[in-house]
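Notes to accompany the following structure.
The values are calculated or read from the model by the stated rules, or taken from the named source; none is laboratory data. Nothing here was measured: the structure is a model prediction, and the numbers come from that model. A quick note on method: Cβ atoms are made from the backbone with ideal geometry, for glycine too, and the neighbour counts reach across all protein chains shown.
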């Protein structure tokens, strides 16, 4: 079954772009033929390895269906503030049945920033989509002072009930932080095309992606399409 992987969280700077690019590298490492899509036009640059879809301007759902039909997986990075728009589109266009017709299913990948507000957002998303999707919760690296806000929280109980995969991305090494600072790049920009970075930054970004891919393997049940022999990207 093919995968429509939707990275969504309406909180600002919640790590959606980092997670979307990391997922793309993970699928590439598994030789999954896939497309990376952003709904934020500001993401478009010479290094961005994907497409832009304007989800707020009378989006033609046939574009989405055609993309899923051509690829084993499509990753869509939903920009901040557009999660409810995606929910409306999903419902109005009956995407669940449209995807089923082409042997595909939707996976919601929700970055978790370990805050109470993020827990509330996760609960809201599970109410919007309920059992119409599979779920992967990706805990971002960084401060863990909010960890207890997650364990036994309504959000954690909701995603556990829905059979979600629970993944924790690795911390950024001091060397990677230094490399990003010296290159004047945010992590998502560096992950667009690590091979274009200065050598030291390339090595650090690549090593982090390898560790992150190992972590994402815990969600392969939901992330990796079951389409028989996988094609090279």
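Odds and ends about this structure:
- Screening 105, 116, 93 for residues that are touching a strand residue (DSSP E or B) at 6+ places or on another chain (Cβ under 8 Å), touching a residue at least 12 places away in the same chain (Cβ under 8 Å) and surrounded by fewer than 20 Cβ atoms within 10 Å (Cβ to Cβ) leaves exactly one candidate, 105.
- Condition check for residue 183: in contact with a helix residue (DSSP H, G or I) (Cβ under 8 Å, 6 or more places away or on another chain) and surrounded by 15 or more Cβ atoms within 10 Å (Cβ to Cβ): yes
- Looking only at residues of segment 1-19 that are closer than 19 Å to residue 222 by Cα and assigned to a loop (DSSP other than H, G, I, E, B), we find that the one that is modelled with the lowest pLDDT is 1.
- Residue in segment 193-206 that is closer than 26 Å to residue 108 by Cα, surrounded by 14 or more Cβ atoms within 10 Å (Cβ to Cβ) and at pLDDT 95 or above present: yes
- Condition met for residue 59 (without any contact (Cβ under 8 Å) to a residue 60 or more places away in the chain and within 16 Å of residue 134 (Cα to Cα)): no
Okay, residues lined up against (1) loosely packed, with under 15 Cβ neighbours inside 10 Å; (2) more than 13 Å from the chain's Cα centre (by Cα); (3) more than 28 Å from residue 114 (Cα to Cα):
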{"position": "2", "(1), (2), (3)": "no, yes, yes"}
{"position": "5", "(1), (2), (3)": "no, no, no"}
{"position": "15", "(1), (2), (3)": "no, no, no"}
{"position": "26", "(1), (2), (3)": "no, no, no"}
{"position": "31", "(1), (2), (3)": "yes, yes, yes"}
{"position": "40", "(1), (2), (3)": "no, yes, no"}
{"position": "46", "(1), (2), (3)": "yes, yes, yes"}
{"position": "60", "(1), (2), (3)": "yes, yes, yes"}
{"position": "82", "(1), (2), (3)": "no, yes, no"}
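- Hey, residue 78 surrounded by 14 or more Cβ atoms within 10 Å (Cβ to Cβ) and under 20 Å from residue 13 (Cβ atoms) or not: yes
- Verdict on residue 150 being modelled with pLDDT of 95 or more, farther than 29 Å from residue 70 by Cβ and crowded, with 18+ Cβ neighbours inside 10 Å: no
- Among the criteria (1) within 22 Å of residue 49 (Cα to Cα); (2) in contact with a helix residue (DSSP H, G or I) (Cβ under 7 Å, 6 or more places away or on another chain); (3) in contact (Cβ under 8 Å) with a residue 24 or more places away in the chain, the one residue 155 does not fulfil is (1).
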